[in-house]
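Below you'll find the structure, written out as structure tokens, and then a few comments.
Since every read-out is calculated from the coordinates, none of them should be taken as a lab result. Quantities reported herein were computed from a predicted structural model and do not represent experimental measurements. Cβ: placed from backbone, ideal geometry, glycine included. Neighbour counts: every protein chain shown.
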Amino acid sequence: MAQVSSSVKKMHFVEIVLILSVVVSTIVRYAFGFQSFFFLEIFCILLALVYFPFGFHFIGKPTDNYSNTISIVLGFIYSLGVMTILISEVNIDSYRYPLIADFFILAAVVGYLLYKLRSAKYSRVYINAQLIRVAFIVFVSLFILIAK
């Protein structure tokens, strides 16, 4: 439990607030039948902007001796995941195909992160923070697939 707490502390406040906002607005939309998805659009777009252009700052480097390349690539993958959530929320035709492709991409990311964790190149806190981000995208995507 201490590792999860320290992993959440590694994430920025803006990112945590936007993640919780997307989860709450998705639950309100499907559990309570709220028809407007304006708030969900705004939160998803802001979270995607946090991840991709500013991924080097919000995701961060594992340690100081690494470059920003891994954080930029992970930010791009996470922003794609958030945008597939937005596409499925807006109910664009054939929304399931991007979600399924996103699951495969995220599975590859999880495999890569677990490999790096096993080889002990990255810290456990950094890997756990990435797994929390992946779990958020997968949870919201599965919730949308089940709720529709």
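Some notes on this structure:
- Simple label model, 7 Å out from Cα along Cβ direction - Ile45 to Phe104, nm: 3.0
- Rounded to the nearest 20, the size of the Cβ-charge dipole of the chain about its Cα centre is 520 debye, with Lys and Arg at +1 and Asp and Glu at -1.
- Computed lengthening from Ser94 to Asp64, 0.36 nm per intervening residue step minus Cα-Cα distance: 6.5 nm
- On full extension, the segment bounded by Leu142 and Phe32 gains 37.8 nm, given 0.36 nm per residue less the C-alpha separation.
- In order along the range 90-96, phi translates into HN-Hα couplings of 6, 6, 6, 4, 6, 6, 6 Hz, rounded to whole numbers, per the Karplus curve 6.51 cos²θ - 1.76 cosθ + 1.60 with θ = phi - 60° and x for Gly and Pro.
- For the range 1-75, the share of alpha carbon pairs falling in successive 10 Å distance bins from zero is 19, 38, 30, 12, 2 percent.
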